[in-house]
Structure formats: structure tokens, C-alpha cells
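The values are calculated or read from the model by the stated rules, or taken from the named source; none is laboratory data. In this text the structure is predicted, and so the values were computed from the model without any measurement. Positions of Cβ are generated from backbone atoms using ideal geometry, with glycine treated the same way; all protein chains shown enter the neighbour counts. What goes into the accessible areas is simple: the full protein's heavy atoms, side chains included, and nothing from ligands, DNA or RNA. Shrake-Rupley method; radii C 1.70, N 1.55, O 1.52, S 1.80 Å.
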Amino acid sequence: MSEVSYIQRRNRPLRVYALIYLAFLYIPVLFLPLFSFNDSIYVAFPLKDFTLKWYEQMFANEPMFAALRNSIRVAVATSVLATFLGIFAAKAVTRYRMPGRAPVVTFIMLPLVIPGIIFGVALLILMSRMGIRLSLYTITLGHVLVCVPFAMATLIPRFEGFDKSIEEASADLGENMWWTFWRVTFPMVFPGIVASLLLCFTISFDEFIMAFFLSGTDPTLPLFMWGQLRFPQKLPGVLALGSLILVVSFCVVFFSQWLKTRGVRTRTRGG
Amino acid sequence: MRSEPLRGYALLTPTLLIMAFGICIPFAILIAMSFWTQQGFDFNTTLTLANYGTAFEQPVYEALLLRSLAISGICTIATVVLSYPMAYYVAFHVHRHKMIWIILITLPFWTSYLLRVFAWKIILGYNGVINSGLKGLGLIDQPLEFLLYSQSAVVITLAHAWAAFAILPMYVSLEKIDRTLLEAATDLGDGPVARFLRVTLPLSLPGIIAATLLMFIPTVGDYITPALLGGPDGIMIGNLIQAQFGKVNNWPMGAALAISMMIIVAFCALTFMLVTRKAKEHIA
């Protein structure tokens, strides 16, 4: 069977469609950086002069930095915790035959399909009934719950992608379970772990809904931006901030996705 | 040697415990609270169906819920239909750098939801990008008013924001289709259209179903997009729920609304799956 069968013929209209689709996906987002350099508080054409003053203003904004620090702290804690829990779960699910494995995995993946508002509200009620004050810790809890499914989704393919017999060989040669993990498993799933850390960091950093319900007096960056949106003169500043976040997020996610697929053999079908 | 399942579950325990704590208990309390009533700053914990009664009797709740279902429904159908060709293209017509295409498609999705919604706000605004652009080109004199603060604004924004959730499941489904089946169909005399309808479409149905559900369920409860660009016409049930926990300060009512919304969404999802199963049996 040849590779170039008649099914894989080039399809010009479809390609054009795909490119237009991509354009529609990206262009709205690209307006943010575009107008962040615009010397006007109104986001409208025609463009005025190029200016960096919105960025300068933003860097001088102390509450913004406080919110940024909060976001980073929450995101780091979330990514570490979620990845940690994800590693345990991924190893358990891929290495051991367990009855009820599919329902358990589905259960852990539930946060993906529950509307954020329901989750946020339910956790808010829980915290209040337990008498726990809302703070960055409660936000972290919410974020961990949301990120664990993503961590697992990133780590499971990684664990599945390499040969179990290497671990067995290590065990046969005398290493106990922990050393086997550290010296054999860990290096091979390491790209997946880094990918999971980066992904969870990004998700937590940008997450708004949970933070909205579970925040106390310290806002995270998205909450800060939400507050700023009410003031028209602050608008370009928000655009500047948003553009920077976009660029950083892009880079982080790109890197993490690249890491995730590096080394995992993908079987290509057909031919 | 401890049995394998036992060791597996032992490893799974920390994660499972935390997820159970985070999912089951809050929901149990959410359900419980929906039967309580708000009294000043505290709760009257005698169980009552009063909240659900209000939710069913007051027409505003039903209207808003129907509107939310409609907006989500339209948005989901449009996005799934428009994204399918894209998923098809990447699955069948991209041979090198498939990963790059996948990354490109999902990248906007991983960035801040708030920012993406806001991007549409500045595009559709009264003095926004579209209006000022069209005005500058001389195509219109007065800005188009219907763009922003309307239900269509909400639909467009939701479609754009959730597109990746629609593409990925369909792509995975299409990618898994055994190409030899298509070649066999061609050998047996099917043209491209027949091949698509008889082989590709049915085999990609799980992906289509997953995409529909993954997009419909979260968007029904969205409140950010309606808040930023829905205007009074575009408010959805999510805004109402959020208000109960905010300004209105009636948590039990909010809980009841949230549970009602979840039940109805689950009902819609199950109906959808039943219908598609019947359709599948008819095709096969």
C-alpha cells in the first residue's frame, strides 16, 4: 500500500478554510497588543501614535504588582500540588490493574465538565460552613481541584508511553519501589512532569471563576483586571497588562506542549 | 505481596481523597443548602422546597434558563459545525508538523478567558474596532448598535472562546479512523461524498458527541461573557446565580438555582446522547 493514496489528495478549499479559521481564532486576540501601543484611551481606528506609556504606567502600578505576586504564589502552589497528585494517580492508573479504574478516572476528570460557577459556588459554601476564611489558600484549593484533571491528562500518556518492563528489570536487579521510581521512571516521565507543571501554572494564573468566588482580601491578577475594567481611563493599561500576560502564556504553553510530545512515539495510521 | 489492586488504590488514595473532598462534600452541602432559606445573615436550616418553588413559579428564572440553553445550544451547534472541517483538515490533510497545528489551535484557549472575552468587547463596541473600521472606510455613517450588548455578541464570543474544546475531541476521533477502511470503500466504488457519509462521519460521531457536550455544558453556566457584553438582553442564568451569592445575598436560592440548572443540563445531555444513539442504530 503506497503512502500517497488517492484519499490523501490535496484539498485546496479545505486548506483555505483551515487558514481562515485560524485567522479568526487569532485575530481578535491580537487586537489586544495592537491597541496597547496606541496613544489613545479609546480603542478605535484610526490608530494614533505609537507609545509605550501604557506599559510604563502599568509597571509603576503597585496594586498590580501585589496582585501579580499573589497570582504567582497561587499558581506555583497549585502546579506543584496538582502535578504531585497527578503523578500518584497516573502511576496508579497506568501501572496497576484495578477494578473500577474507569469510573475512578472519570470521577477525577469531573471538574472538566462541571460549569465553573457551580464548582465555585459549591466550594464557597463548603468554606463558609467549615468556617474557613477566604484567602489565597482557598483559591489554591479551588485551582488544585481544577488542575488535577489536566495534570493527569498530561501525565497518563507519558506513563503509558514507555515500557513497563524497564521498571520490572530495575526491580529484578534489586531496587525497591521508591528507588525504581527515582532512577528509572522519573527521568523518563520528567518532560511530562515539567509539562504538567507549566500547564497547571498557566491554568491557575489565568483562572478567574474560582478565584472570583473564593478570594478574600488579596486579589489575583485576573480579579485585579476585572476590577480595572470599570474605569475607562484604565483601559489601555489593562490592554498592556493583558498583552504581556498573553505573550508569556503563549510561550509557557507552547513550551509545555512541545515537552509533552517530545519522545512519545505517535503511531501514524494509514498507508 | 499485597494484591495489585490494593497497591494501585493505595497509590491513588491521596489524589482520590482530595478530589472526593473537593467534589463530593461541596456538592452535598450545595444540595443541602438548596433546601434551606436565608434569614438575614444566617440560614434557617429547616428543610423546605421554597427555593425550588420560587424558581419554578417566578417566570424570570424559567425565561433566563431557557435563554441560556438557547444561547449555549446555538453557540455549540455553530461551533461544532464550523470546527468539524478544521478537525478534518488537520486529521486527514496535514502530514508534517501535525503537532504544530494542534498547538496552534489550542494555544489561544490556554490563555486568559477574561482577556479573550474582553478582546471581543473591544472589537464589537460602539466605538470599537469593527465600527470605527467600517466608519473609517466610509461604509457606514453611524456605528452599528446591535453588535455589542446583545445575545449575538454573547454567542459569537462564547463560540470563539470555546472553539478548542470542540475541535480536539473531533480531531482525536477522526485521527483514529483506520485509513484502510476508506481505501476499501473507494475500492468498492464509493465516491468521496459517499465515503464521507458512510465511513468517516459515523466513525467520527463519538468525537462530535464529545465536542457537543464539552462545549454545551460549561457554556450554559457562563457568567463572565454575559456580564461583559450581554447587556440586559443577554443576561444568562449564571449571572443570576452569581448575584444570589453576591449582592442579593440569598445563598440557598443560589444553590437551588445552581442545582436546577445542573439537573436540566444533565437532562439535555442525556437526551442528546439517547437521540444520537438511536440515530447511530438507524445508520448502521
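Residue check: is A:L25 aliphatic (A, V, I, L, M), open to solvent by 20 Å² or more (accessible area, probe 1.4 Å), free of Cβ contacts under 8 Å to residues at least 12 places away in the same chain and within 14 Å of chain B (Cβ to nearest Cβ)? No: the conditions fail for A:L25. Within segment A:97-122, being facing chain B (nearest Cβ under 7 Å) and more than 23 Å from the chain's Cα centre (by Cα) holds for A:R97, A:M98, A:P99.
The residue of segment B:126-139 that is nearest to B:Y223 (Cα to Cα), among those that are open to solvent by less than 30 Å² (accessible area, probe 1.4 Å) and at the interface with another protein chain (Cβ under 7 Å from one of its Cβ atoms), is B:G128. Of the residues A:F190, A:F212, the single one that is in a helix (DSSP H, G or I), at pLDDT 85 or above and open to solvent by 50 Å² or more (accessible area, probe 1.4 Å) is A:F212. Looking only at residues of segment A:163-187 that are in a helix (DSSP H, G or I) and of a type in the set (G, A, S), we find that the one that is surrounded by the most Cβ atoms within 10 Å (Cβ to Cβ) is A:S170.
Residue-by-condition table, conditions (1) within 13 Å of another protein chain (Cβ to nearest Cβ); (2) in contact (Cβ under 8 Å) with a residue 60 or more places away in the chain:
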residue: B:A20; (1), (2): yes, no
residue: B:C24; (1), (2): yes, no
residue: B:W36; (1), (2): yes, yes
residue: B:D42; (1), (2): yes, no
residue: B:E57; (1), (2): no, no
residue: B:M86; (1), (2): yes, yes
residue: B:V90; (1), (2): yes, yes
residue: B:R96; (1), (2): yes, no
residue: B:S112; (1), (2): yes, no
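Okay, residues lined up against (1) open to solvent by less than 20 Å² (accessible area, probe 1.4 Å); (2) over 17 Å from the mean Cα position of the chain (by Cα):
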{"residue": "B:T186", "(1), (2)": "no, yes"}
{"residue": "B:P192", "(1), (2)": "no, yes"}
{"residue": "B:F196", "(1), (2)": "no, yes"}
{"residue": "B:T200", "(1), (2)": "yes, yes"}
{"residue": "B:A211", "(1), (2)": "yes, no"}
{"residue": "B:M215", "(1), (2)": "yes, no"}
{"residue": "B:P232", "(1), (2)": "no, yes"}
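For segment A:134-145, the set of residues classified as in contact (Cβ under 8 Å) with a residue 24 or more places away in the chain, more than 9 Å from chain B (Cβ to nearest Cβ) and open to solvent by 10 Å² or more (accessible area, probe 1.4 Å) consists of A:L134, A:S135, A:L136, A:T140, listed by residue number. Here B:A166 clears all of (1) within 16 Å of the chain's Cα centre (by Cα); (2) among the small types (G, A, S); (3) open to solvent by 40 Å² or more (accessible area, probe 1.4 Å) except the condition numbered (3). For A:E160, indicate whether it is under 28 Å from the mean Cα position of the chain (by Cα) and either among the charged types (D, E, K, R) or open to solvent by less than 10 Å² (accessible area, probe 1.4 Å) (or both). Criteria met by A:E160. Checked against the criterion of being open to solvent by 40 Å² or more (accessible area, probe 1.4 Å), modelled with pLDDT of 85 or more and either touching a strand residue (DSSP E or B) at 6+ places or on another chain (Cβ under 9 Å) or among the hydroxyl-bearing types (S, T, Y) (or both), segment A:117-131 contains one or more residues that satisfy it.
Residues in segment B:227-242 that are of a type in the set (A, V, I, L, M, F, W, C), within 11 Å of chain A (Cβ to nearest Cβ) and in a helix (DSSP H, G or I): B:A227, B:L228, B:I237, B:L240, B:I241. Does segment B:1-16 contain any residue that is modelled with pLDDT of 75 or more, under 18 Å from A:M130 (Cα atoms) and surrounded by fewer than 16 Cβ atoms within 10 Å (Cβ to Cβ)? Within segment B:1-16, none of the residues are modelled with pLDDT of 75 or more, under 18 Å from A:M130 (Cα atoms) and surrounded by fewer than 16 Cβ atoms within 10 Å (Cβ to Cβ). Residues that are among the aliphatic types (A, V, I, L, M) and farther than 12 Å from B:F245 by Cα were ranked within segment A:124-133; the one that is nearest to the other protein chains (Cβ to nearest Cβ) is A:L126.
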